[in-house]
Amino acid sequence: MKRIITTIFASMLFPLLFGSFLFAENDTNKNSSLQFSVSGIVVSGEDNEPMPGVNITEKGTSNGTVTDIDGRFSLTVANQSSVLVFSFIGFEKQEIQVGTRATINVTLNPDLSQLNEVVVVGYGTVNRSDLTGSVSSISEKDLQLGVNASLDQMMQGRAPGVQVIQASSAPGGGVAVRIRGGNSISGGNEPLYVIDGFPIYNSGNEVNPGGGQFNEFRVAPNPLASINPNDIESMEILKDASATAIYGSRGANGVVIITTKRGKAGKGEVSFDVYRGIQTVDRKIDVLDAPGFMRGVNESAAIQNRVPAGESVGSWPFSQEEINNPEYNTNWQDEIFRSAPVSNYQIGFNGGTENMVYAISANYFSQDGVIRESGFDRYSMRVNLDGKVNNWLKIGNSLTLSRSINNQIFDGGSGNANASAVHASLNYLPILPVFNSQTGLYSQRADANRAGFSPFDRRNPVQLINETTDNTIADRVLGNIFADATIAKGLTYRILLGIDSEARRRNFYFSNNLDPLNRASNTSIGTVNAFTWLNTHQLNYEMQVGKHRLNLTGVYEIQRRAVDRTFMGRSQFDNNVTKFYSIQAGNDVPGVSSGRNEWSLASYMLRANYVFNNKYLMTVTARADGSSKFGSDNRWAFFPSVAFAWRASEEQFIQNLNVFSDLKVRASAGQIGNQEIGSYNSLPNFALQKYSFGGVPVNAYSMTRLANPGLRWETTTQADLGADMGFFNDRVTFSVDLYYKRTTDLLMNFEIPIESGFGSVLGNIGSVENKGLELALGGHIVNSRRIKWYSDINYSINRNMVLDLGGTEQIRGPRISYDYGSAFASGSYVRVGQPLGVFWGAIYDGVYQNQEQIDAHGVTYNNGIVPTIGSGRYRDVAGPPDENGNLTGPDGIVDQNDLTVIGDPNPDFIFGWTNRISIGNFELTTLLQGVIGGDVLNVNKRDLYGDAVAFNLSTDRLENAWRESNPNAIYPMLHPTIGLVNNTPGGGISSIFVEDGSFVRLRNIMLAYNLPVTSKIFKGGQVYVSGQNILTFTRYSGFNPEVNQAGQNNINQGIDFGSYPMARTYMIGMNLRF
């Protein structure tokens, strides 16, 4: 703790001391005399019209101005040798020496070409024209569209090959990102994030404090939500081996390089950004109201012969009078959902001189959840400084301080009595009120008991919301200091020292206030303290001889991370006043645990970029990584890559075609690794056991896992072939990439001789492949001075397949519930020849409508059960395995042998379509996102489409149940012999629970008005109205097809089980610059 506090203090003190030193130097510069006045007008080269808002600065100073609404300017400069710099977004920059002229008129030409755009790659930058790898860039303008609680959300729909899954729609909820598919089964599949040179792996579970309740299954909060996305200036996504091999053992899943806003020389600028909005639940699920529920109960009772034929209506569980005039008709979704505000406030300061520039910002973001008592708040500050000490030395820093508070509700869950508030809101009885009117306590299922009806146990969803306090507080310091020294011509050296310190504390308390069963209240406190330090040494050498250009980069880097965890839990409190603030007040035996996890990584890297005649390009990268995570025999690994590119547009015969303004063909290949496999998997594992010896409790330790000193990296070999094209002076651009990835040495358990005392050991076996196509098309459809329309669309296909599991044909995924029995515990599998995480179960084949169909099908079900009319029908796929373990043909029995692949959560393709249209000062921006073909396992339907009306059901289930009056029904009758849940093949999941999760969503739409520049003080601004998730086109019946209750899990994908619903957001905002 002392080390962390010292580091935080030093990180905060450095910018202040550094800034004071440089500001003092700036004061000296301000004493220069201003002696010469110059004025003029700036016009556009497109139509010769005046351009307001053009930035004009005296080079090397903070002296500057902007053009007025007529494009005119006036500026007093030091002398006739001064150089004026004219700049405007979307136009080429010009530098003009004043000389003896008192009037300077300037024409700025549009900069449609991206060839000279600087792209940030690992440990440096390159011109896009010199890029040999597959890199997607997202501009600052695109990044600021919509409400983004975290930076990873900003990639949704904006880059080919990148799938961003909002696993939980809760404020600050977890996000899963896949770049060119998933490579690993048991290791990490998230990309590496590099923020201002600091590598971060975003694992929600690693820094998720323990605690919670009710066999909790929920998505871990997103650690990246602690970083303010409004501070980001650019984002580059490295995808192929050529681009990612520079990060070696951490590059297999792709790399996202994030550059935050830095200061720019010129007159100081103050910016203020604010927006406020309202959120509503995007959709609700149609469940039975009180009259419909009571009719269902009566029908269920009649089917079970609880109401004898001919019996009077009055003996049914509910009378017609009660159905016509229910005492209560509670919509439990309405009871927990709400309209919720969202707001964001940011102030920024940017400016400086040639010797010192600064970018400082402060931000407050607040998002209440659309479920009561949930929300996310973040306070953050960023200080980025860059200073020139002398002609050969520059120093600087990047520093982010943040505190986030995540108030969570109980979503996810495990079903039945352990159902979450969201799941319970769908199943709790609509005939019950929130509070029992006689006792004043929360209603319970027993309140609905009556002759012929006894409901199953579910908790009151309002009680789960009101009586749960669950907040996670995260304090984070992410920063670095660096120095750049010019050693000789073309040779530079950089040293960077950085830290990432994160402290999280989860406070949980469930009160027994007004609990009808007077269950014991319980509390827990979980903490995580993670500290990472980084030291990077980098040499760069650039040279040009004639037509030859060479850039060499060498890096030595060491990074170390330690994560400490503690947990305390107690129950049986005398009152609900002190909660977790006085955990010692519990009367039970406390649960206490702690742990520590740490790793180190040392790396050497060399990269060479060679360009000949601006036509032929080659990049060679080699990196060696040594990691403490691996066995003593395989601590080090080598990751090479090579890439070639040909700028064909520089060839005369291509120019003679008059077709291409740019044409570049790229090819790359290489190997990259994945070290995200846990820290101690190569070592033996010992578990603590408690024993009584002679009546005295003692501790004993037993080995639970053998060591494997040969444990090594998961390695991905990737090849990429691509082309970049420009037409009509790059007014239209097009890129295409074909890739193939094969990951080997997957980390899994494999069998060993039983004589060892263990049945298996962790090792490197198995392989997975990904192959795909990426397309990106962009163009300035209209580009006049008054009307502009830019459109950009990206499209991606990825095909994932498991090639080998080391002799095993399939692996079952982790549990999704502890409450539905072992057969229903998991519906996801890994199978050879199939994509990762396919859904496994029986094929539902409709309803037996008559006896003829039963006879024609001629099958029996588990344990010889013969179906009856109105029962569910399932497909007879296979018989028992033969002597070789292969399933035989259909055998007339529908059982465990008939389970098969029933769905695939991996999409067929994804796309994003961005449009920016401006007419005068008005600007319309839209983002349309689509995911086509991915299936969702809707576990909510397990109860919503149950076979008995013992809790609330979907309206669809009851209306479309088989009856004599409805023989062509979709679903079985109530209480069938074979149902959707009861007596199903294998007792588990079937295809009825798998739905098409395809969707097309209007992710963002914004209409803005750009405020004209009216004075020298006001430099411009914008007011806007915006909407997010306004329209969603989908056939999925749940809250949101973009969901995964399992968060970042590699196998359990596309699972919806009590998940937090998505919000539709409407906002109004403005940003002003002074």
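The values are calculated or read from the model by the stated rules, or taken from the named source; none is laboratory data. The shown structure was predicted, so the numbers you read here are calculated from the model rather than taken from an experiment. In this analysis, Cβ positions are derived from the backbone assuming ideal geometry, glycine residues included, and neighbour counts consider all displayed protein chains.
Quick one: is I481 over 25 Å from S380 (Cα atoms) and hydrophobic (A, V, I, L, M, F, W, C)?
Judged against the criteria, I481 is not a match.
What residue, of E327, E321, is out of contact with any helix residue (DSSP H, G or I) (no Cβ under 7 Å at 6 or more places or on another chain), more than 30 Å from I232 (Cβ to Cβ) and free of Cβ contacts under 8 Å to residues at least 12 places away in the same chain?
The match here is E321.
Can you find a residue that is crowded, with 20+ Cβ neighbours inside 10 Å, of a type in the set (G, A, S) and assigned by TED's automatic domain parsing to the domain that holds Y795 anywhere in region 692-710?
No, region 692-710 contains no residue that is crowded, with 20+ Cβ neighbours inside 10 Å, of a type in the set (G, A, S) and assigned by TED's automatic domain parsing to the domain that holds Y795.
Specify which of the listed residues (I932, I893, I919, I910) is within 20 Å of N1050 (Cβ to Cβ), outside the structural domain of I797 (by TED's automatic domain parsing) and β-branched (V, I, T).
I910
Would you call N551 more than 14 Å from I525 (Cβ to Cβ), surrounded by 14 or more Cβ atoms within 10 Å (Cβ to Cβ) and modelled with pLDDT under 90?
No, not satisfied.
What residue, among those in region 126-168 that are in a strand (DSSP E or B), over 15 Å from the mean Cα position of the chain (by Cα) and polar (S, T, N, Q), is nearest to Y616 (Cα to Cα)? Show your work before the answer.
As a first pass, look at region 126-168 and keep what is in a strand (DSSP E or B): 126-127, 135-138, 162-165.
Among the residues that remain, those that are also over 15 Å from the mean Cα position of the chain (by Cα) are: 126-127, 135-138.
Okay, now just the ones that are also polar (S, T, N, Q), so 127, 136-137.
Details: N127: 14, S136: 21, S137: 23 Å.
Step by step, filter region 126-168, then rank; the result is N127.
Filter region 693-721 down to the residues that are of a type in the set (A, V, I, L, M, F, W, C), within 33 Å of the chain's Cα centre (by Cα) and not in a strand (DSSP E or B) and list them by number.
Passing the criteria: L711, W713.
To keep it simple, each residue is scored yes or no on (1) part of a helix (DSSP H, G or I); (2) surrounded by 18 or more Cβ atoms within 10 Å (Cβ to Cβ); (3) under 37 Å from the mean Cα position of the chain (by Cα); (4) polar (S, T, N, Q).
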| site | (1), (2), (3), (4) |
| --- | --- |
| A245 | yes, yes, yes, no |
| S249 | yes, yes, yes, yes |
| V270 | no, no, yes, no |
| F293 | yes, yes, no, no |
| A301 | yes, yes, no, no |
| N329 | no, no, no, yes |
| Y345 | no, no, yes, no |
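If you check S226 against the conditions, is it out of contact with any Cys (no Cβ under 7 Å at 6 or more places or on another chain), of a type in the set (S, T, N, Q) and farther than 23 Å from N674 by Cβ?
Taking the combined requirement at face value, the residue satisfies it.
Take the residues of region 209-229 that are surrounded by fewer than 23 Cβ atoms within 10 Å (Cβ to Cβ) and of a type in the set (S, T, N, Q): which is nearest to F531 (Cα to Cα)?
Looking at the filtered set, the residue picked out is Q213.
Among V528, V577, V589, which is outside any loop (DSSP other than H, G, I, E, B) and among the β-branched types (V, I, T)?
V528
Residues checked against (1) under 27 Å from S796 (Cα atoms); (2) at pLDDT below 95; (3) in contact with a strand residue (DSSP E or B) (Cβ under 9 Å, 6 or more places away or on another chain); (4) acidic (D, E):
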| residue | (1), (2), (3), (4) |
| --- | --- |
| Y739 | yes, no, yes, no |
| R742 | yes, no, yes, no |
| M748 | no, yes, yes, no |
| G766 | yes, yes, yes, no |
| L775 | yes, no, yes, no |
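Looking at (1) over 18 Å from R158 (Cβ atoms); (2) of a type outside the set (F, W, Y); (3) crowded, with 18+ Cβ neighbours inside 10 Å, find the lone condition where G772 falls short.
Of (1) over 18 Å from R158 (Cβ atoms); (2) of a type outside the set (F, W, Y); (3) crowded, with 18+ Cβ neighbours inside 10 Å, only one is false for G772: (1).
Within region 440-483, how many residues turn out to be farther than 19 Å from A520 by Cβ, assigned to a loop (DSSP other than H, G, I, E, B) and among the polar types (S, T, N, Q)?
3
Out of the residues in region 568-592 that are surrounded by 18 or more Cβ atoms within 10 Å (Cβ to Cβ) and either under 36 Å from the mean Cα position of the chain (by Cα) or among the β-branched types (V, I, T) (or both), state the one that is nearest to S511 (Cα to Cα).
Only one residue fits best here, namely K579.
Would it be correct to say that L762 is part of a strand (DSSP E or B), in contact (Cβ under 8 Å) with a residue 60 or more places away in the chain and over 27 Å from the mean Cα position of the chain (by Cα)?
Taking the combined requirement at face value, the residue satisfies it.
Please pick out the residue among S398, S402, S454, S437 that is among the polar types (S, T, N, Q), out of contact with any Ser or Thr (no Cβ under 6 Å at 6 or more places or on another chain) and modelled with pLDDT of 95 or more.
S398
Looking at R306 and the list (1) modelled with pLDDT under 95; (2) of a type outside the set (S, T, Y); (3) assigned to a strand (DSSP E or B), which single condition is not satisfied?
Of the numbered conditions (1) modelled with pLDDT under 95; (2) of a type outside the set (S, T, Y); (3) assigned to a strand (DSSP E or B), the odd one out for R306 is (3).
Looking only at region 831-867, how many residues end up being of a type outside the set (S, T, N, Q), farther than 17 Å from G987 by Cβ and either crowded, with 17+ Cβ neighbours inside 10 Å or in contact (Cβ under 8 Å) with a residue 12 or more places away in the chain (or both)?
15
Taking the condition of being assigned to a strand (DSSP E or B) and either buried (at least 22 other Cβ atoms within 10 Å of the Cβ) or modelled with pLDDT under 95 (or both), how many residues in region 350-364 meet it?
Total meeting the criteria: 8.
Of the residues Q675, Q671, Q718, Q655, which single one is in contact with a helix residue (DSSP H, G or I) (Cβ under 8 Å, 6 or more places away or on another chain) and either without any contact (Cβ under 8 Å) to a residue 12 or more places away in the chain or of a type in the set (D, E) (or both)?
Every option except Q655 fails the conditions.
A quick yes/no check of all residues on (1) in a strand (DSSP E or B); (2) of a type outside the set (A, V, I, L, M):
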| position | (1), (2) |
| --- | --- |
| H975 | no, yes |
| L980 | no, no |
| G986 | no, yes |
| E995 | yes, yes |
| R1001 | yes, yes |
| Y1009 | yes, yes |
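Does D943 satisfy the criteria of being buried (at least 19 other Cβ atoms within 10 Å of the Cβ) and either in contact (Cβ under 8 Å) with a residue 40 or more places away in the chain or not polar (S, T, N, Q) (or both)? It would help to see each step written out before you state the result.
Numbers: buried (at least 19 other Cβ atoms within 10 Å of the Cβ): yes; either in contact (Cβ under 8 Å) with a residue 40 or more places away in the chain or not polar (S, T, N, Q) (or both): yes.
Criteria met by D943.
Can you tell which of R382, R378 is in contact with a helix residue (DSSP H, G or I) (Cβ under 6 Å, 6 or more places away or on another chain), buried (at least 22 other Cβ atoms within 10 Å of the Cβ) and part of a strand (DSSP E or B)?
Among R382, R378, only R382 is in contact with a helix residue (DSSP H, G or I) (Cβ under 6 Å, 6 or more places away or on another chain), buried (at least 22 other Cβ atoms within 10 Å of the Cβ) and part of a strand (DSSP E or B).
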